[in-house]
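Handing you a structure now.
Taken together, the values in this text are just the output of simple stated rules run on the coordinates, not laboratory data. Bear in mind the structure is a predicted one, so any value in this text is a computation, not a measurement. Cβ coordinates were reconstructed from backbone atoms using ideal geometry, including for glycine residues, and neighbour counts include every protein chain displayed.
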Amino acid sequence: MRIRTRLALQFLVLASLIVGAAFVVVYARAAEFRQEQFHDRMRSRGENTASLLLDVAEVDDHLLRKIEQKSPVRLVKEGLSIYDANNALIFHLGEDHGLLEITPALLDSIRKQGEIERITNDRELLAFSVNKPNERSVAVVSGQDLYGRGKLQDQARVMLVTFLIGLVLIFLIGRTFARRALSPLQRLVMDLRTISASDLSRRSALGKGTDEIAQVAVSFNDLLERLEAAFAAQKNFIANASHEMRTPLTAISGQLEVLLLKERTGEDYRNALNSVLEDMHSLNRLSNRLLLMAQAETDATAITFAPVRMDELLWAARSEVIRTDAQNRVDVIIAEVEEAADITIQGNEILLRSLLVNLIENACKYSNDHHAIVTLKGNRNQLSIEVADHGSGIDPADHERIFQQFYRAPSTAGTKGHGIGLSLVKRITELHGGRVYVESELGAGARFVVSFRKGR
Ligand code: ADP
């Protein structure tokens with residue numbers, strides 16, 4: 001069921017309960033009022049007749065009958081009886097009362113109670129003791145309140161019809177209001193339907209308002225902003241990654257094709273195969289980094305964190321860098337450390353090891369002496385790793401850009417690389433709540449600093 005119909009129905013139920021209850025109260029009061037009025041009429045009929053009979057000596061049963069038959073205030077299908085103090089019926093006019101059998105015991109009980117009243121669907125009866133000193137007479141009056149009941153029924157009919165028409169109107173008005181209130185939401189749905197994955201640049205114009213729907217639209221627009229950026233980054237990443245993969249693959253196939261052009265010496269084959277192997281290693285490293293990148297790009301909550309001893313990781317990274325190229329030299333300095341906990345952080349071992357390898361490999365790769373100096377510092381509150389070299393250095397204009405995916409500084413164009421390592425370092429640092437920056441000048445070596453806050 002649509003929200004607007006549901007709202008209209010809820011509105012209808014609520015309104016019908018309130019209006020229905022009001023109508024019931026009004027009807028009950030009208031019914032009570034009718035009864036009171038008829039009661040008063042029956043009483044005054046009985047009192048007047050009894051007074052004529054008992055107080056006026058000239059009036060006897062015969063004369064009273066004549067007077068009463070002509071009385072304009074007689075009730076419809078009236079029955080009127082008067083009993084004296086000895087329970088003898090001294091006057092009766094009109095219909096049989098029907099509702100009660102008048103016995104001496106009943107008359108005594110009426111004298112005691114003052115009055116009794118009986119009401120059925122078509123007849124009402126009032127019996128009361130006539131208050132005359134020393135007289136203990138009882139008047140019994142019964143009749144039909146045709147006019148009063150007819151009026152009441154008419155009133156009930158009018159109320160019922162008004163109620164039903166009211167319900168229809170309330171439902172229609174409720175639906176119109178609900179539709180009007182929800183129309184911005186419908187417009188938002190239409191806006192969002194026009195946005196597809198291939199065109200994420202569209203935004204909902206409703207985001208310019210200030211109401212709740214506008215807040216939803218603003219959130220959607222923000223989401224689209226992020227999605228658009230993520231889509232663009234992904235597209236970029238795939239294009240750059242395939243370009244980086246193609247370069248060594250083209251080199252490998254080119255070398256093999258040249259090799260197969262004619263018969264070669266054993267030495268030529270060995271040289272060519274070594275070169276191909278080197279390209280394969282580079283390809284392998286690239287695909288490993290791409291894999292790690294994909295892993296690091298995922299949500300931080302999907303990555304497992306555990307206490308990691310940074311010094312152990314550093315020695316492992318050092319071994320790996322030296323294994324890759326025997327020319328590499330890596331000095332490790334562990335400074336200002338009082339206990340093992342100072343150099344332990346909550347982190348992901350594989351990602352942190354890759355961070356260290358990337359920084360140390362770069363330091364060796366971009367310096368002629370292939371020498372990296374790594375300093376590990378830690379205390380209760382923070383842990384930092386500095387990777388320094390005496391290499392070619394980095395132009396300050398590139399300090400931010402080198403952390404972008406696939407960016408390579410022009411000054412190092414002659415050295416092999418893919419421009420992934422530092423973006424991976426940045427992402428891994430951020431995943432661990434840390435920060436990374438570089439201090440360097442062209443030709444003056446570089447110093448990369450990664451720092452993590454502890455107690456996360
Ligand atoms: P790659 O080294 O494969 O090119 P990185 O993302 O690791 O990719 O580095 C990006 C760029 O940053 C490098 O191309 C290089 O220009 C510069 N760079 C990184 N580390 C150093 C360093 N230690 N000394 C000089 N330049 C560096």
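Be a star and scan region 419-456 for residues whose amide nitrogen sits under 17 Å from the point 7 Å along the Cα-to-Cβ vector of A397.
Under 17 Å, as judged by backbone N against the label point of A397, lie 440-444 of region 419-456.
Please report the Cα spread of region 20-69 along all three principal axes, rounded to whole Å, starting with the longest.
57, 18, 8
How large is the charge dipole for region 188-257, taken about the Cα centre, if only the Cβ atoms of Lys, Arg (+1) and Asp, Glu (-1) carry charge, to the nearest 20 debye?
100
Taking the chain on its own, what percent of its Cα-Cα pair distances exceed 32 Å?
Value for the chain (Cα pairs over 32 Å): 68 percent.
Going Cα to Cα from K454, which lysines come in below 19 Å? Please leave out same-chain ones fewer than 8 positions away.
Excluding near neighbours in sequence, the set is K377, K426.
While we're on this one: Kindly state, to the nearest 0.05, the FRET efficiency for E430 paired with Q327, given R0 = 35 Å and r defined as their beta-carbon distance. Provide the component values of the computation, followed by the final result.
Numbers: r = 32 Å, r/R0 = 0.92.
The pair E430/Q327 has a calculated efficiency of 0.65.
Sort the following peptides by mean Cβ neighbour count (other Cβ atoms within 10 Å, averaged over residues), highest first: 440-450, 242-252.
Ranked by mean Cβ neighbours within 10 Å, highest first: 440-450, 242-252.
What does the convex hull of the alpha-carbon atoms of region 222-287 project to on average, in nm²?
4.9
Right, something else. Hey, what do the phi angles of region 64-70 turn into as Karplus ³J(HN,Hα) couplings, whole Hz, using 6.51/-1.76/1.60 and θ = phi - 60°, x for Gly and Pro?
Each residue's phi maps through the Karplus curve to give 4, 4, 5, 4, 5, 4, 8 Hz.
On to the next question. Let me have the 222 nm mean residue ellipticity of the chain computed from DSSP H runs of 4+ only, each contributing -39500 (n - 2.57), with the sum over all residues rounded to the nearest 500.
Working: 9 runs with 245 residues, N = 456.
When only DSSP H runs of four or more count, the value is -19000 deg cm²/dmol.
Greater than 20 Å separation of Cα atoms is the criterion. Which listed pairs, K77/K151; K262/K416; K70/K151, meet it?
K262/K416; K70/K151
Something else: Using r as the Cβ-Cβ distance of Y147 and D96, and R0 as 25 Å, what FRET efficiency do you calculate, to the nearest 0.05?
Numbers: r = 22 Å, r/R0 = 0.88.
Calculated transfer efficiency: 0.70.
Ordered by residue, what ³J(HN,Hα) values in Hz, to whole numbers, does region 361-371 give under the Karplus form 6.51 cos²θ - 1.76 cosθ + 1.60, where θ = phi - 60° and Gly and Pro are x?
Ordered by residue, 3J(HN,Hα) equals 4, 4, 4, 6, 5, 9, 10, 5, 8, 6, 10 Hz.
Can you figure out the FRET efficiency of V25 with K112, using R₀ = 30 Å and their beta-carbon distance, to the nearest 0.05?
With a Förster radius of 30 Å, E is 0.30.
Provide the percentage of antiparallel DSSP beta bridges, counting only those with both residues in the chain; round to the nearest 5.
Looking only at bridges with both residues in the chain, the antiparallel portion is about 85 percent.
What net charge do the residues around S384 carry, taking every other residue with its C-beta under 14 Å from that of S384, with Lys and Arg at +1 and Asp and Glu at -1?
+1
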